[in-house]
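Have a look at the structure below, then the notes.
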Amino acid sequence: MSTFSSDVTLTSTDTLLRGATAGAYARVVHDVVDDVAARFAAVSQPWSGASRDELAALVDAVDLDGPGVGTDDALRETADLYATHAVWFHDPAYLAHLNCPVDIAAVGAEAMIAAINTSVDTYDQSTVATLMERRLVAWTAQRIGFTDGDGVFTSGGTQSNMHALLAARESALTAPDGSRISGLARTGLQARLRVLATDVSHFSVAKSAMLLGLADDAVVPVATDPDGRMSPDALTEALAATERAGDVVMAVVVTAGTTDRGTVDPLAAVARTCDAAGVWLHVDAAYGGGLLVSPTRRHLLDGIERARSVTVDFHKTFFQPVSSSAVLVRDRADLARTAWHADYLNPATDPDNQVDRSLQTTRRFDALKLWATLRAIGPEGIGRRVDAVCDLAAAVHADLVDDPELRLVASTDLSTVIFRYQPAGVSDAQADALVAQVRRVLFDSGRASVAKTVIDGRPCLKLTLLDPGRTLADVRRVLTLVRDVAHGLLAGEALAGLSGPPCRDVHPHLDRTLTEGDR
Ligand SMILES: *Cc1c(COP(=O)(O)O)cnc(C)c1O
């Protein structure tokens, strides 16, 4: 199926711009695009289903120390290896993790980024790119309700959370006169810093605490309501208990869209409590950030403007290619505290260097993709897609309410569905075991991909709906497979459930699966 036909080495953007090489560049990239487009049209299930051993053999068979085979052959071989066995998030039977099908305008921008290769660290390497990223940071801050905020694009929610908590730590370790607490006083105070978060906050919160050198017990769990939302009363109690223990609250972390349930913590109530206690509130909106542009659900984020820092993952609910995320702060001084200066790169006398704000130095111009999407479909277009996936989840929930076999386990504010296969007569222990088995049989077959998690101590299957082009019928097809596989497993023949046709009976249209402009 390969269409590669030229042989060139692209060494720099400089050579790209010269006539002959520019022609070769266009041909090579067109060939790759044609190949991938053909695969988009032909893919009939989320992935090939090849075993790990088969894949390892294919990967190991490539001679990385051998002589080069030329651009065409290299790309043909690479596509045959990678694209053939990749997991296709746009396939209607891929319902596992927080991966979105990507906006086409953003993919176009990605092609620009790859070839032009801007690094948004210093102004002299990025010029207009710095100004475009600054504009988008300001746009996002304004959507949040930060009137004089700041921020920077990051590689993902994990880095955004880490960066926000670093800023919170530095704020906690700043003396009243604005100077940085240092030496033994710093060591002593740092050991007493606490981060209050629910046990369903993203694991990057606990990991950040470790990376930031906080104490092993620095993350204090705050109780949740039965739906997994932080309880404001429990927060009040936890703040008081921390103070009684002589510890110092470095930050309270709430989640706008928990990774499993997609629930939004009560931001306004928590913000009130944090304001009263004078503590740093971080809102992890990695998943729920898309609500910023939702025409119908923006109210779920009411109170986010009172946060001191916010994480938004554009590569989730803004339908951006990986990677694209940002950390935003309400007060510019909070990012400035961690700036570091090098004579060769960003002397303190130079304004406008994004590296001053970032944990990275060389950094992708990911902002260009969001820019292109916003110009292509506007914030409303993105917001309608967010609504579409939330509406679909609500429809699936309604569909399953009285299902005799699939039992809903949790509600959602966003787009996840958490359930178990447990008809009458199947014990809790049997249903527990079926979760991993059903997921594995489906995954190994390549026919469908669903996720699993644990809710209140019990294993559950999980769907994450992030494709605005999907319909209830698409999801029902996968749920039918789940039931069929569970029947087969209970009857001792796991593969019995997989004899039917693929979940996709029509080829996807690129405009739908890559979510080009809403029509
Ligand atoms: C996905 C997610 C993260 C981590 O984001 P990455 O982009 O995967 O690093 C953090 N917090 C929440 C709530 C998430 O859902």
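The values are calculated or read from the model by the stated rules, or taken from the named source; none is laboratory data. These numbers come from a predicted model, not from an experiment. Here Cβ is always computed from backbone atoms with ideal geometry, including for glycine, and neighbour counts include all displayed protein chains. Surface accessibility is based on the protein's heavy atoms, side chains included, excluding ligands, DNA and RNA. Shrake-Rupley method; radii C 1.70, N 1.55, O 1.52, S 1.80 Å.
Can you pull out the residues in the range 287-322 that are open to solvent by 10 Å² or more (accessible area, probe 1.4 Å) and within 21 Å of LEU166 (Cα to Cα)? Listed by number, the residues that qualify are GLU305, ARG306, ARG308. Scanning the range 128-184 for residues that are over 19 Å from GLU305 (Cβ atoms) and away from the ligand (no atom under 16 Å from the Cβ) yields a count of 23.
Annotation: GLN190 fulfils all but one of (1) surrounded by fewer than 19 Cβ atoms within 10 Å (Cβ to Cβ); (2) away from the ligand (no atom under 16 Å from the Cβ); (3) within 17 Å of VAL249 (Cβ to Cβ); the unmet one is (1). Every test in (1) exposed (fewer than 15 other Cβ atoms within 10 Å of the Cβ); (2) away from the ligand (no atom under 13 Å from the Cβ); (3) not polar (S, T, N, Q) is passed by PHE203 save one, and that test is (2). Residue pairs whose Cβ atoms lie under 6 Å apart, separated by 6 or more positions or on different chains, with the first residue in the range 273-290 and acidic (Asp, Glu) and the second open to solvent by less than 10 Å² (accessible area, probe 1.4 Å) and modelled with pLDDT under 95, do not occur.
Within the range 356-461, considering only strands (runs of 3 or more DSSP E) that don't extend past its boundaries, which have at least 1 residues that are under 30 Å from ILE113 (Cβ atoms)? Spell out how you get there, then give the answer.
Numbers: elements: 406-410, 416-421, 451-455.
In the range 356-461, the matching strands (runs of 3 or more DSSP E) lie at 451-455.
Could you please let me know if LEU55 is within 24 Å of VAL441 (Cα to Cα), of a type in the set (A, V, I, L, M, F, W, C) and in a helix (DSSP H, G or I)? So LEU55 fits the description; yes.
Residues are listed down the side, and each one gets a yes or a no for (1) surrounded by 23 or more Cβ atoms within 10 Å (Cβ to Cβ); (2) closer than 23 Å to ARG330 by Cβ:
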residue	(1), (2)
ALA167	yes, yes
LEU173	no, yes
SER182	no, no
ARG194	yes, yes
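Determine if the range 271-282 includes at least one residue that is within 16 Å of the ligand (Cβ to nearest atom) and either closer than 26 Å to PRO226 by Cβ or in a loop (DSSP other than H, G, I, E, B) (or both).
Applying the first criterion (within 16 Å of the ligand (Cβ to nearest atom)) to the range 271-282 yields 281-282.
Restricting the remaining residues to those that are either closer than 26 Å to PRO226 by Cβ or in a loop (DSSP other than H, G, I, E, B) (or both) gives 281-282.
Checked against the condition, which is being within 16 Å of the ligand (Cβ to nearest atom) and either closer than 26 Å to PRO226 by Cβ or in a loop (DSSP other than H, G, I, E, B) (or both), the range 271-282 yields at least one hit.
Of all residues in the range 291-313, exactly one satisfies the criterion of being in a loop (DSSP other than H, G, I, E, B), touching a strand residue (DSSP E or B) at 6+ places or on another chain (Cβ under 6 Å) and either more than 19 Å from ARG229 (Cβ to Cβ) or without any contact (Cβ under 8 Å) to a residue 24 or more places away in the chain (or both), namely ARG308.
I want to confirm something. Restricting to the range 215-268 and keeping residues that are basic (Lys, Arg) and in contact (Cβ under 8 Å) with a residue 24 or more places away in the chain, which single residue is nearest to the ligand (Cβ to nearest atom)? It would help to see each step written out before you state the result.
So in the range 215-268, the residues basic (Lys, Arg) come out as 229, 244, 261.
With in contact (Cβ under 8 Å) with a residue 24 or more places away in the chain added as a condition, the list becomes 229, 261.
Values: ARG229: 13, ARG261: 11 Å.
Across the range 215-268, the extreme among qualifying residues is ARG261.
Scanning the range 137-162 for residues that are open to solvent by 10 Å² or more (accessible area, probe 1.4 Å) and within 20 Å of ARG375 (Cα to Cα) gives ALA138, TRP139, GLN142, ARG143.
Residue count for the range 118-136, restricted to those that are over 19 Å from TYR287 (Cα atoms), assigned to a helix (DSSP H, G or I) and open to solvent by less than 60 Å² (accessible area, probe 1.4 Å): 6.
Quick one: which of ALA367, ALA393, ALA348, ALA336 is outside the structural domain of ARG458 (by TED's automatic domain parsing) and open to solvent by less than 30 Å² (accessible area, probe 1.4 Å)?
On the way: ALA393 fails: outside the structural domain of ARG458 (by TED's automatic domain parsing); ALA348 fails: open to solvent by less than 30 Å² (accessible area, probe 1.4 Å); ALA336 fails: open to solvent by less than 30 Å² (accessible area, probe 1.4 Å).
From the options ALA367, ALA393, ALA348, ALA336, the qualifying one is ALA367.
Apart from one condition, VAL478 fits all of (1) assigned to a strand (DSSP E or B); (2) open to solvent by less than 50 Å² (accessible area, probe 1.4 Å); (3) of a type in the set (Val, Ile, Thr); the exception is (1). Of the listed requirements (1) at pLDDT 95 or above; (2) away from the ligand (no atom under 16 Å from the Cβ); (3) open to solvent by less than 40 Å² (accessible area, probe 1.4 Å), ALA115 misses just one: (1).
Being of a type in the set (Val, Ile, Thr), in a strand (DSSP E or B) and either out of contact with any Asp or Glu (no Cβ under 7 Å at 6 or more places or on another chain) or within 26 Å of GLU305 (Cβ to Cβ) (or both) is a property that holds for THR255.
Given the criteria under 22 Å from ASP352 (Cβ atoms) and open to solvent by less than 10 Å² (accessible area, probe 1.4 Å), does THR198 qualify? The answer is no for THR198. Residue count for the range 232-246 under the criterion of being open to solvent by 40 Å² or more (accessible area, probe 1.4 Å) and assigned to a loop (DSSP other than H, G, I, E, B): the result is 1.
One residue stands out among those in the range 396-413 that are within 26 Å of the chain's Cα centre (by Cα) and open to solvent by 40 Å² or more (accessible area, probe 1.4 Å): the one that is nearest to VAL482 (Cα to Cα), which is LEU408.
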